[in-house]
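First up is the structure itself, then whatever we jot down about it.
The values are calculated or read from the model by the stated rules, or taken from the named source; none is laboratory data. What you are looking at is a predicted structure, and each value in this text was computed from that prediction instead of being measured. Using ideal geometry, Cβ is built from the backbone for each residue, glycine included, and neighbour counts are taken over all protein chains shown. Accessible surface areas use protein heavy atoms only, side chains included; no ligands, DNA or RNA. Shrake-Rupley method; radii C 1.70, N 1.55, O 1.52, S 1.80 Å.
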Amino acid sequence: MIAQDISILLADDDRDDCLLFKEALEELPIQTVLTTVHDGEQLMQILTKNTDKLFHILFLDLNMPRKNGFTCLKEIKDNDLLKLLPVIIFSTSYDEHIADLLYKEGATHYICKPAHFSELKKVIQQVLTLVTENNSLQPSKKNLFLIS
């Protein structure tokens, strides 16, 4: 069962994608609180300056301005206060070599942004269920990539 009031942080510079993500969350039967940032520096500031308010999950775009998702993931996993934060890579494309690198850096799952709204809702719900049921543990490598 999914926990109530899941605190989600979305780091994505595409404001349209952020709006769709928000709308998808609102249609799910899950209570969430969504915070959105639009670049890697904002992401790291909110994570490191608000350590008393930890998020349950981070959806992280790789291609962001000011600091990209690769750099942010490394900084998160190198930080003792943040390293247990489940990081879901949320990107427009999938490259197996890049996914391998992200897995080694500690990414929990990798999602290609779905083309259809119904698929977006489905994959967000899938991630929230997996992360809450598995207590933020990184799955085996074969379960890194999620398909909507």
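Starting from the Cα-Cα distance between residue 115 and residue 75, subtract it from 0.36 nm times their residue separation and give me the gain in nm to one decimal. Could the numbers behind the result be given before it?
Values: separation 40, 0.36 × 40 = 14.40 nm, distance 2.99 nm.
Length difference between fully extended and current span is 11.4 nm.
Name the aspartates and glutamates eligible as straight-distance cross-link partners of residue 83: C-alpha to C-alpha under 19 Å, and not fewer than 8 places from it in the same chain.
Partners found: 41, 52, 61, 75, 100, 105, 133.
For region 4-117, with the dipole built from +1 on Lys and Arg beta-carbon atoms and -1 on Asp and Glu ones, taken about the Cα centre, which of 99, 32, 72 lies farthest toward the positive end?
Highest projection toward the positive end goes to 72.
At 1.4 Å probe size, put 35, 108 in order of accessible surface, largest to smallest.
Values: 35 30, 108 5 Å².
The most accessible residue leads, giving 35, 108.
Mind checking which of 29, 65, 114 has the largest fluctuation in a GNM of the chain, springs on alpha carbons under 10 Å?
29
Residues in region 1-44, backbone N under 16 Å from the label point at residue 98 (7 Å along the Cα-to-beta-carbon vector): list them, ranges by number please.
11-14, 40
Distance in nm between label sites at residue 34 and residue 49, each 7 Å beyond Cα in the beta-carbon direction?
In this crude label model, residue 34 to residue 49 measures out at 2.3 nm.
How large is the dipole of region 49-140 about the Cα centre if only Lys and Arg carry +1 and Asp and Glu carry -1, each at its Cβ, rounded to the nearest 20 debye?
On the way: 11 positive and 11 negative charges, 61 e Å.
For this selection, approximately 300 debye.
Would you mind listing how long region 29-116 runs along its three principal axes, going by Cα atoms, in whole Å with the largest first?
35, 34, 23
Among [x] 1.25; [y] 1.42; [z] 0.94, only one was calculated for this model; which label is it, if the read-out is Cα Rg over 2.2 N^0.38 Å?
Read-out taken from this structure: [z].
Counting Lys and Arg as +1 and Asp and Glu as -1, each charge on the Cβ, what is the dipole of region 20-84 about the Cα centre in debye, to the nearest 20? Don't jump to the answer; show the numbers that get you there.
On the way: 8 positive and 10 negative charges, 46 e Å.
Using only the charged Cβ atoms, the result is roughly 220 debye.
Taking only DSSP H segments of four or more residues, each worth -39500 (n - 2.57), what value at 222 nm results for the chain once the sum is divided by all its residues, to the nearest 500 deg cm²/dmol? Intermediate values should be presented prior to the final figure.
Details: 5 runs with 60 residues, N = 148.
Using -39500 (n - 2.57) per qualifying helix, the result is -12500 deg cm²/dmol.
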